[in-house]
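Enquirer: One structure follows; several queries about it will come next.
Just so it is clear, none of the values below were taken in a lab; they were calculated from the coordinates. Note that the coordinates shown come from a computational prediction; the quantities given were computed from them, not determined experimentally. All Cβ positions, glycine included, derive from the backbone under ideal geometry; neighbour counts span all protein chains shown.
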Amino acid sequence: MPRRRTLNPLTELLGAVLLVVLVLVVNRWEFSLAVLLLVVVPAVLVSGQPRRIGVAIVLVAGPLLLSSVLLHGLFFPEGRVVLLDLGPARVTQEGLVFAALMGLRMSVFTGVLLTTAMTLDLPDLIATMTHRGWNRKLVFIIGSALGLLPHVALRARQITRAQQARGLVVGRGPLSRLRALLMVTTPLVIGLLVDASERNHMLEARGFSSSGPRTSYLPDTDTAAQRTGRRVATVAVLLFAAAWLVIGAVA
Amino acid sequence: MITVRSESFTYDDGVPLLSGVQLAVGAGEYVVVAGASGSGKTTLARLLAGLVGSDAGCRFRGSITLAGETVRFDGSPADPRIDRAAWSAAVAFVSQGAWGQLSMMSATVAEEIAFGPSNRGVPTEELRRSVHDVAASLRLTSLLGRDPRRLSGGQLQRTIIAAAVVQRPRVLVLDEPFHGLDEDSAAEVAAALDALRGAGTAVVVCDAMLPRSGPADARVLALAEGHPVFSGLLTEARWAGLRRYGIGTAGDPPGLPDGLGSRTGGLGSHPDDGEPTDHAGVRPQDSPTGAGAATPSPVVLTDVGFHHPTGAGESAPTSDTRSDSDTGPAGAGLSGITLTVRAGEIVAVRGPNGSGKTTLLQHLNGLHRADTGTVSVLGQQIRRQPTGTFAGDVGYLFQDTDQQLFERTVLREVAYGPLAAGVRRSEALRRAADALDVVGLGFVRELHPYELGFVQRRLVALASIIATGSTVWVLDEPTGGLDESARTGLARLLRRHARSGGAVVMATHDAAFATAVAHRTIWLDGGRLVPDDPGTDGRMDGRTVEAEPADRRRGLGWGHGRTAGEAQDSQDGRS
Ligand SMILES: Nc1ncnc2c1ncn2[C@@H]1O[C@H](COP(=O)(O)OP(=O)(O)OP(=O)(O)O)[C@@H](O)[C@H]1O
Ligand SMILES: [Mg+2]
């Protein structure tokens, strides 16, 4: 992760959260699509690790999309235009449209959140939260949750290396890579379940969960301008959301 | 300062551990808790660290007193909960398995060391000062800007210790702190512990062996199968006959010559193991110039050069850091490595922490690819083939066992290699079971590797290599953390493998082990081969190993008198 960047990680994180809120509130496919094409895709491309993020998005969003298509595509009670009748299940036009909309939204969510999380400079984020004097509990929750990502990445890498050292052949083709990815999932998930409580103990033992003020080894990279920017953006999005909802209700 | 009185401690439904154990450590005292695998020393360490109570599946009856306050446990669900955050402000714990202790919230070693104190609100100025002081005392200064996830094993271990030392705790508990450290680092860690003790910290060090040296007033609590078997001064402990409890002394040669306690056990992968020398007729000393053209040497490296990519955001090594081996003149990597290992030969790779031993070893099975020069294994040059294709030929033991094990059960873990090599399932399982018997772990097949103690996990990793049946064994710190019996068993296993025509390359800090087991030693420093350790004369090269009589060569001396209770020293190091 590049250490030098223009925006403070807190600003990036807030931006991502506000974007998700907007997509939720606006709830129009045109808007979701625009965010996907104009924000998510470029962000992934310039992230410096488009493949890794791309794979992660596919891994998370893929199953969600699939289940959405199965659920709404086949069983959509309000569906009128029947495209295919399969007895108990009916593929309806309305169902498919709904599934597509849901899928689009879910892809936007996973795209925005995963890209942010995977490019986030976690040490800097924690330093900023510390310098801003955030609540310790919140710092702990955000820190240990986001800290799981690099932990998972490291563990996944170790498992693949161990498997290869024992004879898992990973070729250059996409199929072979996909197989390697699947091979790593089970041990990764099981290992993480075991690790999770130990990790929590470790973080507690290193005082991360203690109460009282925290200090930071890293200097403050936040700026007054960004702080103002964050406040303004938050207020603006909240106002907009309220207005949008009210107008929607009235109309 | 801290006192533990344990009436009994039980994991799940296992046999009680730590019955009648009492340990009291006063301010400035140094206590070694020594015990073989399964003796309960890690359990005791975890008790001291306050890891008890809420842990599901363990029942503790006894009490812990810290600075005058006593917490009592009756093994009932109503037991008090220890507030770990508060407890750890007084008691710092360095457990086995260094990478599991990384916060994953630091981009640099400096931040990692600072993590604890910053969580406790130490002011920034003081924080920076103490981080730099501790780093200086543990020779970490040149590594402060590095990503802790990309350190060598010993460098990481030092970082983790520094992160505990910097907290200036009232009690410091360390599980195998010297494991994987070179001599200088070990001395520096010892000095740092001394300095802490001078300031009143009570130090508890758990170890599978008695230390060769220690503070004059050091005390020892020796455990065997959960019972105390000795308590007294370190100087007395040496003569207390603790060997009969499987507690050796660090730095002693492995007990090779006796060959007793034999048991007929087949190395599944080498059905011809019992046949002494006629496997290709090769003994290293018989083939001074490469044993002819017929059989290529198992491992040939010519002029290998390699660079670790530096992570983004890491500060490049600055020129003002003294050119110790942590970062060679040209940064981390290897250069000009030429090495031939013949069939039947055991070669030790030695050198200080960060000198490139692991980096070199990982070239032998394709985990790293040489930037320049060539690497050949069993006559096949490693170019761009997938790493997995070499696994049949090269068995690799990772320095950190936790990086190696990934399966759900011990048996599956060991069977993974043969299965990946295309062996039929039933045959693979049979080989796995055999290999587990060889290392004396036949009784834990169905357990999850995480449920095993540290030594056992390491033996599982070893068994997985045996089961695969590779010719070349590449072992990274194979004796690290092993107890006496496992270390001796390992020595026999290696010799036996070599005698059956295999080749072994092992990185090690265990001088006595290398001297006793290896035919020759190569030394690395800053990623280059250096002539010889100044401290040793060159006679070790080309040394021959006296052959043991054939009839004594069978058993590996493992697992005598072990019971299923051994598995209970569990969670060992898993923190
Ligand atoms: N993944 C990596 N990325 C960058 N540098 C690395 C990486 N792994 C190791 N290094 C560096 O390369 C050098 C050699 O490391 P290596 O792990 O080979 O040392 P080692 O001799 O095995 O040491 P130890 O005795 O501590 O295990 C060290 O300076 C280390 O910090
Ligand atoms: Mg190493």
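Enquirer: Taking neighbour counts of Cβ atoms within 10 Å as a proxy for exposure, in what order, fewest first, do A:Ile159, A:Ile247, A:Ile141 appear?
Expert: A:Ile247, A:Ile141, A:Ile159
Enquirer: In terms of the Cα gyration tensor, with a ≥ b ≥ c the square roots of its eigenvalues, is region B:1-106 rounded because a/c is under 1.5, prolate because a/b exceeds b/c, or oblate?
Expert: Cα axes put region B:1-106 in the rounded bin.
Enquirer: While we're here: Of the listed peptides A:143-154, B:479-490, what is their order by residue-averaged count of other C-beta atoms within 10 Å, with the highest listed first?
Expert: For the peptides A:143-154, B:479-490, the packing ranking is B:479-490, A:143-154.
Enquirer: Are there DSSP H segments in chain A that both extend 20 Å or more along their axis (alpha-carbon positions) and score a mean Kyte-Doolittle hydropathy of at least 1.6? List them, or say none.
Expert: Result, helices passing both filters: A:9-26.
Enquirer: Separate question: Once a ≥ b ≥ c are taken as the square roots of the eigenvalues of the Cα gyration tensor of the protein assembly as shown, is the result rounded (a/c under 1.5), prolate (a/b larger than b/c) or oblate (a/b not larger than b/c)?
Expert: Taking the square roots of the gyration eigenvalues as a ≥ b ≥ c, the protein assembly as shown is prolate.
Enquirer: If you take the beta carbon distance between B:Thr3 and A:Thr186 as r and set R0 to 51 Å, what does 1/(1 + (r/R0)^6) give as a FRET efficiency, to the nearest 0.05?
Expert: FRET efficiency, B:Thr3 to A:Thr186: 0.70.
Enquirer: How big is the Cα convex hull of region A:133-205 in projection, averaged over all directions, in nm²?
Expert: About 6.3 nm², averaged over all directions.
Enquirer: To continue, here is another question. So what is the 222 nm mean residue ellipticity for chain A from helices alone, if each DSSP H run of at least 4 adds -39500 (n - 2.57) and you divide by all residues, rounding to the nearest 500 deg cm²/dmol?
Expert: It comes out at -25000 deg cm²/dmol, rounded to the nearest 500.
Enquirer: For region A:79-201, what is the relative contact order in percent, using Cα pairs closer than 8 Å and at least 6 residues apart in sequence?
Expert: 13
Enquirer: Quickly work out the B:Ser76-to-A:Ala242 label distance, labels modelled 7 Å from Cα along the C-beta direction, and quote it in nm with one decimal.
Expert: With each label placed 7 Å out from Cα toward Cβ, I get 5.5 nm.
Enquirer: Further question: Under a point spin-label approximation (7 Å from Cα along Cα-to-Cβ), what is the B:Asp532-A:Leu84 distance to one decimal in nm?
Expert: Going from the B:Asp532 label point to the A:Leu84 one covers 7.8 nm.
Enquirer: Once you order the gyration tensor axes a ≥ b ≥ c over the Cα atoms, which shape class does region A:1-124 get: rounded for a/c under 1.5, otherwise prolate or oblate by comparing a/b with b/c?
Expert: Prolate.
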